[in-house]
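Undergrad: What follows is a single structure, and I will ask about it in a moment.
The values are calculated or read from the model by the stated rules, or taken from the named source; none is laboratory data. Computed from a predicted model, the values in this text were never measured in an experiment. Note that each Cβ is placed from the backbone with ideal geometry, even for glycine, and that neighbours are counted across all protein chains shown. Side chains are part of the model used for accessible areas, which takes the heavy atoms of the whole protein and leaves out ligands, DNA and RNA. Shrake-Rupley method; radii C 1.70, N 1.55, O 1.52, S 1.80 Å.
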Amino acid sequence: MSMPLVALCADEESLRNPEMLGLGGENLAAQSWLQLFSSAEQARCSLRNDTGIQEVWVASCDEVAPINLAAALKRDRRDRRVCMLSAQESGSLRSRASAAGIDASFTRQAFVERYALCKQIAMSASASAPVQPASGGSAPAGPAGASAVAPACAPAKGAQPAFAQPAYGGAQPQAQQQASAPAQGNSRGFLLPVVSGSGGAGKSTVALLAAYAAQRMGKNTLLLDFDLQFGDMAELAGVQHPLRIDEAIANPERLTGLQPQGNAPALLAAPLHIDAAEAVVAQAPALLETLRGRFDVIVANTGGAWAEQHAVLLERSSKALFLIDQRMSSVYACKRALDLCARCGIAVNPLLFVLNGCGKGAPLSSMDVSCALKGAHVHELADGGADVEDMLAAHGIEELFDARNELVASIEQLLAEVIPGMQGSQPGEREGAGLPFLRGKKPRKRRRA
C-alpha cells in the first residue's frame with residue numbers, strides 16, 4: 001500500500017467541498033498521496049511521530065486558529081515543512097508565521113498550483129512502478145457504457161518525490177519558485193492533451209495544428225495520437241508507414257528514430273488494430289515518461305468516448321486543452337465530463353477550456369461558455385473557415401501557416417500563453433511562402449451540408 005506524503009489540515013466543510021479551498025472538482029479522499037485532518041488534536045498526535053509525511057498544509061481547523069495549529073505542528077517536528085494557506089495575509093499574521101518558523105504562506109492560487117505540482121510528481125513516481133494486473137477481469141463499466149476512468153494513481157512504495165522543496169506562493173520571486181521546483185521537472189517534456197466532451201469539436205485538427213505550431217516555434221515536438229481506436233493523425237499529416245504506439249511499446253529501441261522533420265513534428269501514430277487499445281493503456285504510463293524525456297512538447301490527440309486512456313493522460317498532463325465547439329450539446333458534454341473527473345478523483349486544475357470556431361456571427365461566445373461553466377476562464381480559437389478543411393485534405397499544413405490562417409494564428413497565440421519558454425513569431429515571419437490565393441485572404445465561410 002502506498003504511503004501519504006503530504007498532509008492537509010482543513011475544517012470538515014472544506015474537506016467535503018474542496019471548491020472552498022480553490023480545488024473545485026477534486027476528490028481529496030481519493031488521493032493516496034494526501035492525508036486529511038480536520039481535528040487539530042488528531043493531526044498533532046498522528047503527525048508527531050510520522051516520518052513519512054514530508055509536508056503539511058494548514059488551511060483551516062474546526063478547533064483552533066490555523067496559525068496556532070501550524071505553529072504547533074512546526075514545533076513538534078522542526079525537520080518537516082509546514083505551510084499555511086492565507087487568503088488575506090496581514091502584517092501581524094506574517095510576523096507570527098515567521099516567528100513560528102512556518103516555511104511558506106500560500107495565496108489561494110499558489111496553493112492550487114502547489115497541489116497540482118505535488119499531485120503530478122506523485123503520478124510520475126507511480127509510472128516507474130511495475131504495472132500490476134487488476135484482479136477480477138475487466139474494469140467496471142462507466143457512464144454511458146464507457147470504461148470507468150481510473151482513479152488517481154498513488155506514488156510507488158519507497159519513492160521519494162521532492163516534496164521537501166516546494167514552489168513557494170505569495171511574494172516569492174519567480175526565479176526562486178523555479179529554483180525550488182524538482183530538478184527532474186527541467187528535463188520532462190510538456191504534455192498537452194487535447195480533449196472534448198463529445199465528438200466533432202475539432203480535436204484532431206487542433207491537435208495536429210498545435211503540434212506543428214510548437215515545432216515551428218522552436219520546440220522539439222511530438223504529435224501523439226492517443227485516440228487508440230480511431231486515431232487518424234497519420235492520415236491527416238500525410239505520413240506513410242508511421243511508427244505506432246503498440247509497435248513502440250513492443251520494441252522501445254525504435255523510439256530512437258522518432259524525430260521531427262523540419263517544421264513537421266515527430267509522429268507516434270495510433271495502433272493499427274482497434275483491439276490493441278487495452279494493452280496500450282496498461283503500458284502507457286511508462287511510455288509517456290520515456291517520451292517526456294525525449295521531447296520538449298508532446299501534443300496528444302484523444303478519442304471522443306471517455307475511457308481509461310483519458311485518465312492516464314490527464315493525470316500526467318502539464319496542461320490540457322478542453323475543446324468545446326459551437327453547439328450547446330458540446331457545453332453539456334463538457335459539464336458531464338467534468339462531473340466524471342470529480343467522481344473519479346481526476347484533477348481538473350490543468351484543464352484549459354477552449355471554445356473553437358469563434359468569430360462574428362458565431363452562435364456561442366467565450367462569455368456564454370464561461371457562464372455555463374460557473375465563471376471558468378474560456379480561451380478562444382478563431383474560425384479558420386473552409387480553407388482549413390481544404391488544405392488539410394490536400395496535406396497543405398505548411399500553406400495554412402504561411403498564409404496566416406486565423407485558426408493557426410490563434411493556436412500559436414494560445415501556445416505562447418500556455419507553454420513555458422514558447423516564443424511566438426511575428427506575422428511577417430510567416431508571410432511570403434504560402435499559396436498566392438490564400439495570402440491575405442479572409443477565411444471563407446464554412447460550407448454547410
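Undergrad: Can you give the FRET efficiency to the nearest 0.05 for M328 and E389, using r as the Cβ-Cβ distance and R₀ = 25 Å?
TA: Computed FRET efficiency for M328 and E389 comes out at 0.65.
Undergrad: At a 1.4 Å probe radius, which order do H310, H241 fall into by accessible area, largest first?
TA: My answer, sorted largest first, is H241, H310.
Undergrad: Carbon and sulfur together cover what percent of the accessible area of segment 1-119 at a 1.4 Å probe radius?
TA: So the carbon and sulfur contribution to the accessible surface is 47 percent.
Undergrad: Measure off 7 Å from each Cα along the Cα-to-Cβ vector at Q109 and R336, then give the distance between these two points in nanometres to one decimal.
TA: 3.4 nm
Undergrad: Among A337, A266, A276, whose Cα projects farthest towards the positive end of the dipole of segment 250-386, with charges put on the beta-carbon of Lys, Arg (+1) and Asp, Glu (-1)?
TA: A337
Undergrad: Oh, and also: What whole-number value in Å² describes the accessible area per residue of segment 174-313 for a 1.4 Å probe?
TA: In whole numbers, segment 174-313 has 39 Å² accessible per residue.
Undergrad: Using 1/(1 + (r/R0)^6) with R0 = 60 angstrom and r between the beta carbons of H273 and D76, what's the FRET efficiency to the nearest 0.05?
TA: 0.55
Undergrad: Determine, from the Cβ-Cβ distance of A282 and R96 and an R0 of 51 Å, the FRET efficiency 1/(1 + (r/R0)^6), rounded to the nearest 0.05.
TA: Computed FRET efficiency for A282 and R96: 0.50.
Undergrad: Related question: For segment 228-235, in order, what is each residue's ³J(HN,Hα) by Karplus, 6.51 cos²θ - 1.76 cosθ + 1.60 with θ = phi - 60°, in whole Hz (x at glycine and Pro)?
TA: These are the phi-based 3J(HN,Hα) values: 5, 9, 10, x, 10, 4, 4, 5 Hz.
Undergrad: Cα to Cα, under 14 Å, and not fewer than 8 places away if on the same chain: which aspartates and glutamates meet these conditions relative to K319?
TA: E113, D296, E417
Undergrad: Next question, about the same structure. I'd like the accessible area for T205: 1.4 Å probe, protein heavy atoms, all chains in place, Å² to the nearest 10.
TA: 40 Å²
Undergrad: Another question, if that's okay. Straight-line reach from K203: which aspartates and glutamates have a Cα under 15 Å away, not including same-chain ones fewer than 8 places off?
TA: D225, D227, D232, E235, D325, E380, D383, E389
Undergrad: Additional query: What percentage of the solvent-accessible surface of segment 321-420, computed with a 1.4 Å probe over protein heavy atoms, is contributed by carbon and sulfur atoms?
TA: That fraction is 55 percent.
Undergrad: Right, next: Could you sort 245-251, 344-350 so that the peptide with the highest average Cβ count within 10 Å comes first and the rest follow in order?
TA: Ranking the peptides 245-251, 344-350 by packing returns 344-350, 245-251.
Undergrad: How much solvent-accessible surface does R48 expose, in Å² to the nearest 10, with a 1.4 Å probe and all protein chains in place?
TA: 90 Å²
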